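As structure tokens, the structure follows; a few thoughts come after it.
Nothing in this text is a laboratory measurement; each read-out follows from the coordinates by a stated rule. It should be emphasised that the depicted structure is a prediction, and the values quoted were computed from it without experimental measurement. Virtual Cβ from ideal backbone geometry, glycine too; neighbours counted across all protein chains shown.
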Amino acid sequence: MDDTSKVVLVTGSSRGIGAAIALLFAKHGASLSLTGRNAEKLSEVAKKCKENGAKQVLETIADVTKEEELDRLVEQTIKTFGKLDVLVNNAGILILGNLDAYTSESFDALMSTNVKAPMYLMKIAKSHLAATKGNIVNLSSIGAFYNNSTALVYSMTKLCMNYITKSCVKDLSKDGIRINAICPGPISTEIFDNSFTNEEKQGILEKYASSLKGRVPTVEEAADLVFFLASDKASMVTGECMPFDGGVFVSSTT
Ligand SMILES: NC(=O)c1ccc[n+]([C@@H]2O[C@H](COP(=O)([O-])OP(=O)(O)OC[C@H]3O[C@@H](n4cnc5c(N)ncnc54)[C@H](OP(=O)(O)O)[C@@H]3O)[C@@H](O)[C@H]2O)c1
């Protein structure tokens, strides 16, 4: 199957990494099912995707924490395109905080957005992905690899994401579906830029000065890795949760 015939659903495609993933698939002529809550931003991304080669673009306003909206999203995607090749579970939120900062509200928001929603989408997309021998790419985080007291619940949700990614391999493989995750280090997007003080950001950037490239990754580079994992070139890759941080995590353990 070439990329131009692919139908790709990207959650959280109204900005940031999700928008970059959508744009890259657009440049390869894919048909896109884009979704987020911000209609204006989603339309801007859809317009850019159409201008850059997307075969067809569907925009669905949906809150991933509401299962009925995810049902509608998948139904609309199948109704419009007749199939689904790739599900990119990208939508996510970051709420920083240690144990003392724990609240039920922040716990529920993080778990329902970052864990429950992608898992439910995997469940309802499975039969469609089985029909195309398609695949899933999940957006995890390098935070899943650290014992991280300051982003305690967020990192826990990404550890869950990695666990789901690996634990579903056997079930999905029976239907010819691959599943992988990428685990980025900090990337300059709203989630990153709005969550840290300038001083904290400076500290993080200094840490990344020792990475392979001496900088943090870009959204385009994250999209490249997602695109590769979703492509037929990665047909023997499944169940991988790939650190994507220029070697900072691995270096910290040597
Ligand atoms: N940037 C980083 O440093 C970094 C590092 C590691 C992992 N990640 C992961 O990468 C993914 C994308 O992050 P990003 O940096 O691109 O963040 P971002 O710029 O804040 O974008 C987040 C996206 O998720 C969507 N979203 C959030 N809550 C939603 C909800 N309840 N329903 C529907 N859509 C929702 C937002 O859309 P609307 O606002 O339109 O709803 C937006 O499109 C996340 O899973 C994040 O955890 C990011």
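If you take the beta carbon distance between Thr80 and Lys50 as r and set R0 to 25 Å, what does 1/(1 + (r/R0)^6) give as a FRET efficiency, to the nearest 0.05?
That pair, Thr80 with Lys50, gives E of 0.95.
Loop-only check: which trypsin sites (Lys or Arg not before Pro) in the stretch 79-128 are DSSP coil with at most 16 other Cβ within 10 angstrom?
Within the stretch 79-128, the qualifying trypsin sites (Lys or Arg not before Pro) (loop, at most 16 other Cβ atoms within 10 Å) are Lys83.
How large is ³J(HN,Hα) for each residue in the stretch 126-141, as worked out from phi by the Karplus curve 6.51 cos²θ - 1.76 cosθ + 1.60 (θ = phi - 60°), to whole Hz, x for Gly and Pro?
4, 5, 6, 5, 5, 5, 9, 6, x, 8, 10, 10, 9, 8, 9, 7
Quick check on the stretch 76-154: take the gyration tensor over C-alpha atoms, sort the square-rooted eigenvalues as a ≥ b ≥ c, and tell me if it's rounded (a/c under 1.5), prolate or oblate.
Prolate is the answer for the stretch 76-154, as a/c is 1.5 or above and a/b outweighs b/c.
Just want the ordering: Asp171, Asp63, from fewest to most Cβ atoms lying within 10 Å of their own Cβ.
Lowest count first: Asp171, Asp63.
Under 10 Å, Cα contacts only: if you run a Gaussian network model on the chain, which one of Ala62, Ala101, Ala22 comes out with the highest mean-square fluctuation?
It is Ala101.
How large is the direction-averaged shadow of the alpha-carbon convex hull of the stretch 3-252, in nm²?
12.8 nm²
For a Förster distance of 22 Å, can you work out the FRET efficiency between the beta-carbons of Glu190 and Thr103, rounded to the nearest 0.05?
It comes out at approximately 0.50.
With the crude spin-label approximation of a point 7 Å out along Cα→Cβ, what separation in nm comes out for Val237 versus Val250?
Label at Val237, label at Val250, 1.3 nm between them.
Picking from Leu121, Leu129, Leu205, which is most flexible by a Gaussian network model of the chain using Cα springs under 10 Å?
Comparing Leu121, Leu129, Leu205 in the GNM, the peak value goes to Leu205.
Using a 10 angstrom cutoff on alpha carbons, build the Gaussian network for the chain and name the most mobile of Gly134, Gly214, Gly36.
Most flexible of the set in this elastic network: Gly214.
Based on Cβ point charges of +1 for Lys and Arg and -1 for Asp and Glu, what charge dipole magnitude is obtained for the chain about its Cα centre, in debye rounded to the nearest 20?
Using only the charged Cβ atoms, the result is roughly 700 debye.
In percent, what relative contact order does the stretch 1-138 have, based on Cα pairs under 8 Å that are 6 or more apart in sequence?
Over the stretch 1-138, the number comes to 25 percent.
Within the stretch 56-99, whose backbone N sits under 12 Å from a point 7 Å along Cα→Cβ of Glu199?
None, by backbone N distance to the label point.
So, how do all the Cα-to-Cα distances of the stretch 115-254 break down into 10 Å bins, in percent, from 0 on up?
Whole-percent P(r) values from 0 Å outward: 11, 39, 33, 14, 3.
In what order do Ser188, Ser31, Ser104 fall by count of nearby beta-carbon atoms within 10 Å, going from fewest to most?
Lowest to highest Cβ neighbour count: Ser104, Ser188, Ser31.
Below 8 Å between Cα atoms, with a sequence gap of 6+, how large is the relative contact order for the stretch 3-252 in percent?
Relative contact order, the stretch 3-252: 19 percent.
Which shape class, rounded, prolate or oblate, goes with the stretch 129-170 when its Cα gyration tensor gives a ≥ b ≥ c as root eigenvalues, a/c under 1.5 marks rounded, and past that a/b bigger than b/c marks prolate?
prolate
Compute the separation of the alpha-carbon centres of the stretch 71-125 and the stretch 8-68 and state it in Å as a whole number.
Each part's Cα centre sits 15 Å from the other's.
Based on DSSP H runs of at least 4 residues, each adding -39500 (n - 2.57), what is the mean residue ellipticity at 222 nm of the chain after dividing by all its residues, to the nearest 500 deg cm²/dmol?
That comes out to -14000 deg cm²/dmol.
Quick one: Glu190, Glu199, fewest Cβ neighbours within 10 Å first, how do they rank?
So the residues, fewest neighbours to most, are Glu199, Glu190.
Karplus couplings for the stretch 89-97 from phi (6.51 cos²θ - 1.76 cosθ + 1.60, θ = phi - 60°), rounded to Hz, Gly and Pro as x?
After applying 6.51 cos²θ - 1.76 cosθ + 1.60, I find 7, 10, 3, x, 10, 10, 10, 7, x Hz.
Cα to Cα, under 27 Å, and not fewer than 8 places away if on the same chain: which lysines meet these conditions relative to Lys55?
Partners found: Lys6, Lys27, Lys41, Lys47, Lys79, Lys83, Lys123, Lys126, Lys133, Lys233.
Quick one: length gained pulling Glu69 to Thr218 fully straight, 0.36 nm per residue minus the C-alpha distance?
50.6 nm
If you take the C-alpha gyration tensor of the stretch 55-204, multiply each eigenvalue by 5 and take the square root, what semi-axes do you get, largest first, in whole Å?
Taking √(5λ) for each Cα gyration eigenvalue gives 30, 17, 15 Å.
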